[in-house]
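Chemist: Here's a structure for you.
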Amino acid sequence: MLQSPPNDLDAFWMPFTDNRYFKANPRLLASARGMYYQTPEGREILDGTAGLWCVNAGHGRESIVEAIREQAGRLDFAPTFQLGHPLAFQLAARVGGMMPGDLDRVFFANSGSEAVDTALKIALAYHRVRGEGTRTRLIGRERGYHGTGFGGIAVGGIGPNRRTFGPGLPGSDHLPHTHDLARNAFTRGQAAHGAHLADALEGLVALHGGDTIAAVIVEPMAGSTGVLVPPIGYLERLREICTKHGILLIFDEVITAFGRIGAATAAERLGVTPDIITMAKGITNAAVPMGAVACRRGIYDAVTGAMAQAAGIELFHGYTYSAHPLACAAALATLDLYRDEALFERSRGLEAYWEAAVHGLAEGRHVIDIRNMGLVAGIEMAPREGAPGARGMEVFRRLFDTGLLVRATGDIIALSPPLIVEEAQIDTMVAALAGVLAETV
Ligand code: PMP
């Protein structure tokens, strides 16, 4: 049944939104099924972004809904401080089993931002228990997005997300991003040029001293700043330099984990194993909020060993809702769906079709680059003179009006459909974009 639109939109302070514009021109979503949202007026919107890169199995999946319903009736909440409930342990083992290498110790949070802050704290704790407490610097990357916690914005590399909020964590620093339009525009998949950009970490080691650096955090494929695919060899180089200097490497896989680029993790797909992986979004198919951090066993052993003996609690960190029973139930049902419908393999299998389709927009008006990996694409437009981001926002709004949901980040249109997408729906998305690009000045 369709819900009628609310009359009063004032009270909700909307995140990452131009509130005044929105409230004068609201776009509401009332229900969702499979590949589509429905508006309160009953219009169908093809979901080209899996919500916000998160509804990987498509909307309204019965088995997930049922698991949540059943769990709510059995055990609505249980603390996980000094107590536990069975699903938390089952889910940790399940997620750990999907991680590369020995990253099979899993901490739970409620969002990507919390997962990132958790990972950064675990890195600091790890060095401290090993007698390397001088390692407090956290290194991120320009154009990195690691959520909106104070840790996440300190290592994040997006100016507007940082500069209103004070100086950030002392000692945080940044590597250069890997976006190189001059050399790599219209590359399909990973670009050949750019591995050397990882060497900037050697520069930071020379500048600060390797023994002051706790961790480097990167998105293996940066999503929110416009789909920046790692150049061939770049992550391998970063791994090598981190290992050489005893620096932990964190992959922020909040977007890339759970099939987005055709494998359980980007680490698996790209063959580079970090020390810590952060996740969220697809872990529950977004039906209940959840974040998670997978750590190498040695990190868990070090922190839980020495620190626990000293204080009775090894890591003074956690959330009331860490491993919330409803999130665990949703996650277990989601992971069953991914397995039973082979959705990661499906994502990988569709990649060639996807790549050909999105690169078909290369001649589109304003288009200056197209990037892709897995079931993700970034279509970059030249900014409008004196109004960066305006063109992206216009394309987003026009597409919504024609029945396609995309994500605009500046003048880059990001596509990341649910992994159940059909080839015909990919064609529909590309045709809608081509039409709107042609009409946009
Ligand atoms: N890290 C990455 C790589 C992300 O893409 C996001 C969200 N887009 C976050 C962290 C933050 O996640 P959340 O919005 O759930 O806090």
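Chemist: Lys and Arg at +1, Asp and Glu at -1: add these up for the other residues within a Cβ distance under 13 Å of residue 405 and post the number.
Modeler: So the surrounding residues net to +2.
Chemist: Sticking with this structure for a sec: Per residue and in Å³, how big is the convex hull formed by the alpha-carbon atoms of the chain?
Modeler: It is 150 Å³ per residue.
Chemist: Based on DSSP, what percent of beta bridges with both residues in the stretch 65-340 are antiparallel, to the nearest 5?
Modeler: Roughly 45 percent of the beta bridges in the stretch 65-340 run antiparallel, per DSSP.
Chemist: Going by average Cβ density within 10 Å per residue, which order do the peptides 192-205, 409-422 take, highest to lowest?
Modeler: 409-422, 192-205
Chemist: Only sites in a loop by DSSP and with at most 12 other Cβ atoms within 10 Å count here; which chymotrypsin sites (Phe, Trp or Tyr not before Pro) in the stretch 1-46 make the cut?
Modeler: Qualifying residues, ordered by number: 12, 13, 16.
Chemist: Can you give me the relative contact order of the chain as a percent, contacts being Cα pairs under 8 Å and 6 or more apart?
Modeler: Relative contact order for the chain comes out at 21 percent.
Chemist: Now a separate question. Could you give the size of the charge dipole of the stretch 194-260 about its Cα centre, using +1 on the Cβ of each K and R and -1 on the Cβ of each D and E, expressed in debye and rounded to the nearest 20?
Modeler: That gives a dipole near 100 debye.
Chemist: What residue among 257, 103, 412 has its Cα farthest toward the positive end of the dipole of the chain, where the charges are +1 on Lys, Arg and -1 on Asp, Glu, each on the Cβ?
Modeler: Of the options given, the answer is 103.
Chemist: Additional query: Can you give the extra length, in nm with one decimal, that the chain gains between residue 423 and residue 309 once fully stretched, where that is 0.36 nm per residue apart less the Cα-Cα distance?
Modeler: Residue separation times 0.36 nm, minus the Cα-Cα distance, leaves 35.4 nm.
Chemist: Follow-up. Put +1 on the Cβ of each Lys and Arg and -1 on the Cβ of each Asp and Glu in the chain; which of 177, 54, 131 then has its Cα farthest toward the positive end of the dipole?
Modeler: 131
Chemist: Amide H of residue 280: which non-local residues (sequence gap of 5 or more, or other chain) have their own amide H closer than 5 Å, using H built in the peptide plane?
Modeler: 292
Chemist: About its Cα centre, how strong a charge dipole does the stretch 65-340 have in debye, to the nearest 20, once Lys and Arg get +1 and Asp and Glu get -1 at the Cβ?
Modeler: 260 debye
Chemist: Quick one, what does Rg over Rh come out to for the stretch 189-290 if you take C-alpha atoms and the Kirkwood Rh?
Modeler: Rounded to two decimals, Rg over Rh is 1.00.
Chemist: Over the stretch 106-195, calculate the relative contact order: mean separation of alpha carbon pairs under 8 Å at least 6 apart, over the residue count, as a percent.
Modeler: The normalised contact order for the stretch 106-195 reaches 24 percent.
Chemist: Given the peptides 264-273, 56-65, 299-308, arrange them by the average over their residues of other C-beta atoms within 10 Å, most packed first.
Modeler: Taking the mean over residues of other Cβ atoms within 10 Å, the ranking is 264-273, 56-65, 299-308.
Chemist: A further question follows. Evaluate the charge dipole of the stretch 171-325 about its Cα centre and quote only its size in Debye, nearest 20, assuming +1 on the Cβ of each Lys and Arg and -1 on the Cβ of each Asp and Glu.
Modeler: 440 debye
Chemist: Among 150, 390, 379, whose Cα projects farthest towards the positive end of the dipole of the chain, with charges put on the beta-carbon of Lys, Arg (+1) and Asp, Glu (-1)?
Modeler: Going by the charge dipole, the pick is 150.
Every number here is computed from the coordinates shown, using simple stated rules; none is lab data. Keep in mind the model is a prediction, meaning the values are calculated, not measured. Ideal geometry is used to build each Cβ from the backbone, glycine not excepted, and the neighbour counts take in all protein chains shown.
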